[in-house]
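Below you'll find the structure, written out as structure tokens, and then a few comments.
The values are calculated or read from the model by the stated rules, or taken from the named source; none is laboratory data. Fair warning: this is a prediction, and the values are worked out from it, not measured in the lab. Every residue, glycine as well, gets a Cβ built from its backbone with ideal geometry; the counts of neighbours run over all protein chains shown.
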Amino acid sequence: MILHELISLDVLRVIWWILLGVLLIGFAVTDGFDMGVGALIPFVGKTDMERRIAINTVGPVWEGNQVWFILGGGAIFAAWPPLYAMSFSGFYLAMFAVLAALILRPVGFKYRSKRDSATWRNAWDWALFVGGAVPALLFGVAVGNVILGAPFHLTPDQLPVYEGSAAAKFFGLLRPFALLAGVVSLSMLIAHGAAWLNLKTEGPVQQRARTIGAVAAVVAAAAYALAGVWLAMGIDGYTITSEVAANGPSNPLFSDVAKGGSWMAAYGARPWIIIAPVLGIGGMLMAALGLKSGKEISTILWSGISIVGVISSVGLTMFPFILPSNTNPNSSLTVWDASSSHQTLFVMLVVSVIFVPLILAYTSWVYKVLWGKVTEEEVTSPANSTY
Amino acid sequence: MEFGIVELSRLQFAMTAMYHFLFVPLTLGLSIIVAIMETVYVMTNRPIWRQMTKFWATLFGINFVLGVATGITMEFQFGMNWSYYSHYVGDIFGAPLAIEGLMAFFMEATFVGLMFFGWDKMSKPAHAVVTWLVAIGSNFSALWILIANGWMQHPVGAEFNPLTMRMEMTSFFEVLFNTVAQAKFVHTVSAGYVTASVFVIGVSAWYLLRSRHIELARRSIAVASAFGLASALSVVTLGDESGYDVSGNQQMKMAAIEAMWETKEAPASFNLFAIPDMEARENHYEIEIPWVMGLIGTRSLTEEIPGIKDLVAQNEAKIRDGLIAYDALMQIREARGQTPDEAVVAQFEDHSQNLGYAFLLRKYTDDPLTATEEQIVAASWDTVPPVWPLFWSFRIMVALGFGFIGTMAYFFWRASFKGMDFPRPALRLAVWMIPAPWLAAELGWFTAEFGRQPWTVDGVLPTAMSVSALGAGEVLLTLVGFVLFYSVLFIIEMGLMLKYIKKGPYMDVPETDSWMADHAERLKCSTGANASPTATPAE
């Protein structure tokens, strides 16, 4: 097949870098409010009925939302195999913690209402809290580590080796900047979850969500701004020092990379990317205002925009780096040397062009069918299999 | 066996995959059975079918959620524990996994919420369409996963790129229309349909034995036995088709399943019973059926099926050939992206199809080029998977498969031609049979994947090389973590399943009098003198 030569390899790589961002954003925007609601359950619901209302706002949609995460994994595997191999084996125990927390979630949603016992339901409430809060925090910590660079190298066989003992690998992730990034993602997703509850509930659950959500949005904005300052003042960036082979084979060891300089140099080279952090902070502040003043639709849009801004800002600042290595910079993975082959990128693009619009269409239809507030009557109606 | 990182990673993968497949077959089959029931409801508008739909959908939901939960692990475990594998074949293997998400899992997961929450939010036909979309999504999921798995058994449409040190896709269509993948797909989903049919019949039989929910139980048996009979026939036929494919593409697996040490004269006989001896490389107490193996494996009376010893000799030659490619590869790598010598490239290309065999020597020496004669011979014998577990798991699976055909045919006959009159011993057998399809499915996966050893991708990448650079302690920790965590979830799931089966449907719905009068003859009842079809006796 020569059809794939219609689009050159470097263009395909950039397209897949953008699609990677789209998938992460899709995940954070949709599953983000599920995780936010999970983290909020113990605080917005004082009675069983209030908690059931909160749970049932995400009950019919979390399963579809979570597929963004699964698809993210699959797409990284297909389009960026070295990144898939390196990141998941390198962040091994952290990944295990995320998986365990994410597995608790479906089970918690589905099984909580199946027994009418306070102990049973309380236990699942905490499972849902862990299933929401832990991944929300750890995803941010992971992004923080990606920005700092991870201690790995590639062997001549291209086996990715993450350095250090098991404990050092896990606790080494908890560097101060990475923890700050974790605070950003946790508070951002809590604000997003609160905006969702603000839209889908009324009464005391809605009131509490507004109060907590407004605080979370302000915390997220402050932490994000602080992270920006930190990045400008005290954190090294990475640069490719050899000639860039944008159409070269996907072998990270062929290029030379140096650590040093600042990530912020990207804003000098491509000034327009400033729009991403502006949307990030602006969105958070607008969401905080919206929650305070009780606006519903515009608030969730603003919190969604803030997520788009924050995630894009990370990608645009680091471009063309995807995962730098701080102990062996030459092993760093970049857009130009960590992708799949020309043919695979093309085939996957064709499949995505067909199915992503289809997914967006039927997902929107499902949300439309489910439009409206979740009320006590609906939750207790025998016609529905609510949670 | 020494328990290093390879063994621990294999154990964890086997454990999480087999757990995952406790839930998947029921999801595959029950989604379709529920959709069939709801379709009947939409067409006839009879409340009993709505009740049946909702009841089986509740059990479907309890099972589905653990299929999803354990599936999350599967998607990420390749990167976590098999990072070299992920690097080496991600260019091909990742694509079907990603397409599975895009095309199938997204659809299934998005609509499953509406299936449970949407009863009063849309019209009846629209809801039935949603239920069908869930069923179709689940089954498409299986298609793409089996295309990925089929490629591991029979890697087509790809070649090795020495510059990137990995396999790269050369033809997406060859990967897609891989004959092994297609046969495996139909075999696997049919197995799921049989599982769900046995489950529905078993649970319904339990109700009939207690004279509960008779209306629901009999109709459920009628649907499930018809669906199950067709599926059971398909499982065995397509299993045979897989067998035919295996014998072409994975001759060693076939020879091991048959415990066939020497090449037999065509048409080969089938070993009905044997005790294979790995050390002596022969069988004890063989009972043979003449001709059958030759027919299954080659569809002819004249073609030979090679035995283990001949295949080992062939593999030894492949190792030597692979070493020539390995030698060239090292020289190409020295050039670090610069154009290497043409002669070296030609040397590599002529022998690269056997490069994977040279990697088998990595177990004995870091540099395969320095391997001794003894090591090469030992590595060629490593290509033989342990024979007796394959021999026996395959035979138990096949026996169960024929058992399902018999059971389904019997229940179909009683449901269709004997006025749904089911004798009590048959009902008891149906209840006891519930675990059997799970056993058969797990043994089937065991045969397919254990029989693939020592390779992760047949002839391309040895299992021992595929693992991540992790410490054994880390993998042991997650292995224990997964076992404990999954076991707790499984116990909770079983508890809820039993609770909802005992509880039965939401409320029993009687048929209208006129409909009963029309069908009185066909519904003649013999489960007890007082058991009128409309009645649901008090518990």
query = Given the conditions (1) buried (at least 24 other Cβ atoms within 10 Å of the Cβ); (2) in contact with a Ser or Thr (Cβ under 8 Å, 6 or more places away or on another chain); (3) more than 10 Å from chain A (Cβ to nearest Cβ), which single one is not true for B:Ser141?
reply = (2)
task = Within the stretch A:182-204, count every residue that is among the β-branched types (Val, Ile, Thr) and closer than 19 Å to A:Ser298 by Cα.
result = 2
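Does B:Gly79 satisfy the condition of being buried (at least 24 other Cβ atoms within 10 Å of the Cβ) and facing chain A (nearest Cβ under 7 Å)?
Answer is yes for this residue.
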task = Tell me which residues, restricted to the stretch A:339-373, are in a loop (DSSP other than H, G, I, E, B) and facing chain B (nearest Cβ under 10 Å).
result = A:Ser339, A:Ser340, A:Ser341, A:Leu370, A:Trp371, A:Gly372
key: Residue list for the stretch A:63-121, filter: more than 7 Å from chain B (Cβ to nearest Cβ), in contact with a helix residue (DSSP H, G or I) (Cβ under 7 Å, 6 or more places away or on another chain) and basic (Lys, Arg)   = A:Arg105, A:Arg112, A:Arg121
message = Go through (1) more than 10 Å from chain A (Cβ to nearest Cβ); (2) over 27 Å from A:Leu99 (Cβ atoms) for B:Leu59 and report which single condition fails.
response = (2)
query = Would a scan of the stretch B:148-168 turn up a residue that is of a type in the set (Phe, Trp, Tyr), more than 14 Å from chain A (Cβ to nearest Cβ) and either surrounded by fewer than 24 Cβ atoms within 10 Å (Cβ to Cβ) or on the phi > 0 side of the Ramachandran plot (or both)?
reply = no
query = Are any of the residues in the stretch A:287-299 of a type in the set (Val, Ile, Thr), in a helix (DSSP H, G or I) and surrounded by 15 or more Cβ atoms within 10 Å (Cβ to Cβ)?
reply = yes
task = State yes or no: is A:Met264 surrounded by 19 or more Cβ atoms within 10 Å (Cβ to Cβ), among the hydrophobic types (A, V, I, L, M, F, W, C) and away from chain B (no Cβ under 14 Å)?
result = no
remark   = Within the stretch A:144-201, the residues that are outside any helix (DSSP H, G or I) and among the basic types (Lys, Arg) are A:Arg175
The one condition in (1) away from chain A (no Cβ under 11 Å); (2) without any contact (Cβ under 8 Å) to a residue 40 or more places away in the chain; (3) aromatic (Phe, Trp, Tyr) that B:Phe485 fails to fulfil = (1)
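Residues checked against (1) at pLDDT 85 or above; (2) part of a loop (DSSP other than H, G, I, E, B):
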site: B:Ala469; (1), (2): yes, yes
site: B:Gly473; (1), (2): yes, no
site: B:Phe482; (1), (2): yes, no
site: B:Ser487; (1), (2): yes, no
site: B:Lys499; (1), (2): yes, no
site: B:Ser514; (1), (2): no, no
task = Exactly one condition in (1) surrounded by 15 or more Cβ atoms within 10 Å (Cβ to Cβ); (2) assigned to a helix (DSSP H, G or I); (3) more than 14 Å from chain A (Cβ to nearest Cβ); (4) within 25 Å of the chain's Cα centre (by Cα) is not met by B:Ile434; state its number.
result = (2)
note = Counted residues in the stretch B:161-178 being out of contact with any Phe, Trp or Tyr (no Cβ under 7 Å at 6 or more places or on another chain) and either closer than 21 Å to A:Glu5 by Cβ or free of Cβ contacts under 8 Å to residues at least 40 places away in the same chain (or both) come to 12
remark   = Residue hits (the stretch B:410-430; touching a Ser or Thr at 6+ places or on another chain (Cβ under 6 Å) and not in a helix (DSSP H, G or I)) are B:Asp421
query = Which condition breaks for A:Val11 when tested against (1) over 27 Å from A:Ala214 (Cβ atoms); (2) crowded, with 17+ Cβ neighbours inside 10 Å?
reply = (2)
inquiry  = Out of the residues in the stretch B:404-431 meeting the condition of being under 20 Å from B:Val189 (Cβ atoms) and among the aliphatic types (A, V, I, L, M), tell me which one is surrounded by the fewest Cβ atoms within 10 Å (Cβ to Cβ).
reply    = B:Ile405
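A quick yes/no check of all residues on (1) in contact with a strand residue (DSSP E or B) (Cβ under 9 Å, 6 or more places away or on another chain); (2) at pLDDT 90 or above; (3) of a type in the set (D, E, K, R); (4) outside any helix (DSSP H, G or I):
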site	(1), (2), (3), (4)
B:Leu355	yes, yes, no, no
B:Leu361	no, yes, no, no
B:Asp366	no, no, yes, yes
B:Gln375	no, yes, no, no
B:Thr383	yes, yes, no, yes
inquiry  = When you scan the stretch B:116-131, do you find a residue that is within 30 Å of A:Ala85 (Cα to Cα) and in contact with a helix residue (DSSP H, G or I) (Cβ under 9 Å, 6 or more places away or on another chain), even just one?
reply    = no
query = Conditions: (1) buried (at least 24 other Cβ atoms within 10 Å of the Cβ); (2) without any contact (Cβ under 8 Å) to a residue 60 or more places away in the chain; (3) out of contact with any Ser or Thr (no Cβ under 6 Å at 6 or more places or on another chain). B:Ala256 meets all but one. Number of the miss?
reply = (2)
task = Considering only the stretch B:301-346, state which residues are under 21 Å from B:Lys264 (Cα atoms), of a type in the set (Val, Ile, Thr) and touching a residue at least 40 places away in the same chain (Cβ under 8 Å).
result = B:Ile305, B:Ile308, B:Val312
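Determine which member of the set A:Val130, A:Val143, A:Val161 is more than 14 Å from chain B (Cβ to nearest Cβ) and within 30 Å of B:Ala469 (Cα to Cα).
Every option except A:Val143 fails the conditions.
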task = Please enumerate the residues belonging to the stretch A:247-261 that are more than 14 Å from every other protein chain (Cβ to nearest Cβ) and surrounded by 15 or more Cβ atoms within 10 Å (Cβ to Cβ).
result = A:Val257, A:Ala258, A:Lys259
